[in-house]
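Report on one structure; see the data block that follows.
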Amino acid sequence: MAISRRSFLQVGAVAAVAAGTPLSAAAFALTDKNQKWVSSRGIPLLSKATFASLLNTSFQILPDRQQKVRVELVEIEDFTQAQKQPNRAGNECFSLAFRPSSHPRLKQATYRVRHDNLGDFDLFIGRVKSEKYGMVYEAIINHIAS
């Protein structure tokens, strides 16, 4: 059976994306008919409503082999309307801006994040410059309902 270049590249691209996507069974579990993600403590995660109630509260970023970084959730920006997606239930796109209490130098990566009310979960975080807050760490969450 001959393998075409196109099929080889498609399979390779899917494998690369799958390898770079961390899935933590301890942090996330698929539950109930609504297919919502929940934290290790059973609290729904990764929705704008969940994070809106935690605005201006403290989180911890837990880098491997480094001291934890304390950050504050200072801003939630909604991108749903900018995407021009139909406003169906489950469609959400928003960013979370975290201001560090010190000046750590974390690389753009997936980190374990901890909050007293949510427990532990993973977020892909990168450093960006904010006009309002200076240097912040940002996570973008995008849900598209099928």
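The values are calculated or read from the model by the stated rules, or taken from the named source; none is laboratory data. Not measured: the values here are computed from a predicted model. So basically every Cβ, Gly included, is an ideal-geometry build from the backbone, and we count neighbours across all protein chains shown. Accessible surface areas use protein heavy atoms only, side chains included; no ligands, DNA or RNA. Shrake-Rupley method; radii C 1.70, N 1.55, O 1.52, S 1.80 Å.
Would you please name the residue that is farthest from Phe51 (Cα to Cα), looking only at residues in segment 104-138 that are of a type in the set (Phe, Trp, Tyr) and more than 10 Å from the chain's Cα centre (by Cα)?
Tyr133
Might you check whether a residue that is among the aromatic types (Phe, Trp, Tyr), touching an Asp or Glu at 6+ places or on another chain (Cβ under 8 Å) and open to solvent by 30 Å² or more (accessible area, probe 1.4 Å) occurs anywhere in segment 108-122?
Checking segment 108-122: not a single residue is among the aromatic types (Phe, Trp, Tyr), touching an Asp or Glu at 6+ places or on another chain (Cβ under 8 Å) and open to solvent by 30 Å² or more (accessible area, probe 1.4 Å).
Tally the residues that are assigned to a strand (DSSP E or B), over 18 Å from Ser47 (Cβ atoms) and touching a residue at least 40 places away in the same chain (Cβ under 8 Å), restricting the search to segment 126-146.
Matching residues across segment 126-146 total 3.
Restricting the first residue to segment 100-111 and requiring it to be small (Gly, Ala, Ser), which pairs with a second residue that is open to solvent by 100 Å² or more (accessible area, probe 1.4 Å) and not in a loop (DSSP other than H, G, I, E, B) meet a Cβ separation below 8 Å and a spacing of at least six or different chains?
Taking only residues 6 or more apart or on different chains, the pairs are Ser101/Arg70; Ser102/Arg70; Ala109/Phe124.
Has segment 44-67 got at least one residue that is modelled with pLDDT of 90 or more, of a type in the set (Asp, Glu) and open to solvent by 70 Å² or more (accessible area, probe 1.4 Å)?
Among the residues of segment 44-67, not one is modelled with pLDDT of 90 or more, of a type in the set (Asp, Glu) and open to solvent by 70 Å² or more (accessible area, probe 1.4 Å), which makes the answer no.
Scan Phe94, Phe98, Phe121 and give me the residue that is at pLDDT 95 or above and touching a strand residue (DSSP E or B) at 6+ places or on another chain (Cβ under 8 Å).
Phe98
I need a count of the residues in segment 69-80 that are farther than 14 Å from Tyr137 by Cα and open to solvent by 20 Å² or more (accessible area, probe 1.4 Å).
The total comes to 2.
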